[in-house]
Amino acid sequence: QVQLMESGGGLAQPGGSLRLSCVASGNILSISNMGWYREIPGNDRELVARIYTSGTTKYSDSVKGRFTISRDNAENTAYLRMDKLEPEDTSVYYCNVAGRIPSSAGGVPFDVWGQGTQVTVSS
């Protein structure tokens, strides 16, 4: 079983910065990609940023140039550095990790979500 632990949310002023962390733990064979999503009206989630094993990254247009995703493969940890925060960035942020757990067949895919961490941008 794979579990995610998120941290780093909180209150920031407009123009300020926060850094989110997401640590994956459990019986993990490999991690293919790690990402951050945030809640939008209608209880849906939108992609904020994703990073792949190769180091390739993907960002939503609304955060490009302001947010930076990175990962520490040895620690199964993803980070989201959020700079130049705007009130519109206020939301619950969720970590998502996909990979494989060990099995006799060589590995079984997993795709798990964290519990969410609140980010509030307000003066």
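The values are calculated or read from the model by the stated rules, or taken from the named source; none is laboratory data. Keep in mind it's a predicted model, so treat the numbers as computed, not measured. Virtual Cβ from ideal backbone geometry, glycine too; neighbours counted across all protein chains shown. Calculation scope for accessible area: heavy atoms of the full protein, side chains included, ligands and nucleic acids excluded. Shrake-Rupley method; radii C 1.70, N 1.55, O 1.52, S 1.80 Å.
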Item to check | Rounded accessible area per residue of segment 35-95, 1.4 Å, Å² | outcome: 52
Item to check | Largest to smallest principal axis extent of the C-alpha atoms in the chain, angstrom | outcome: 54, 27, 22
Item to check | Local electrostatic count at residue 121 - Lys and Arg +1, Asp and Glu -1, tallied over other residues with Cβ under 15 Å | outcome: 0
Next on the checklist: Taking amide H atoms as placed 1.01 Å from N in the peptide plane, list the residues 5 or more away in sequence, or in a different chain, whose amide H sits under 5 Å from that of residue 67.
Outcome noted: 83
Checklist entry - Round to a whole number: what % of the accessible area of the chain belongs to carbon and sulfur, probe 1.4 Å? => result 47
Checklist outcome for this item: Diffing segment 14-29: the Karplus 3J(HN,Hα) column from phi (6.51, -1.76, 1.60, θ = phi - 60°), in whole Hz with x for Gly and Pro, holds x, x, x, 9, 9, 10, 9, 10, 9, 10, 9, 9, x, 7, 9, 7
Checklist entry - What ³J(HN,Hα) values, in whole Hz, does the Karplus curve 6.51 cos²θ - 1.76 cosθ + 1.60 give for segment 30-42 when θ = phi - 60°, with x put for Gly and Pro? => result 7, 10, 8, 8, 10, x, 10, 10, 9, 6, 10, x, x
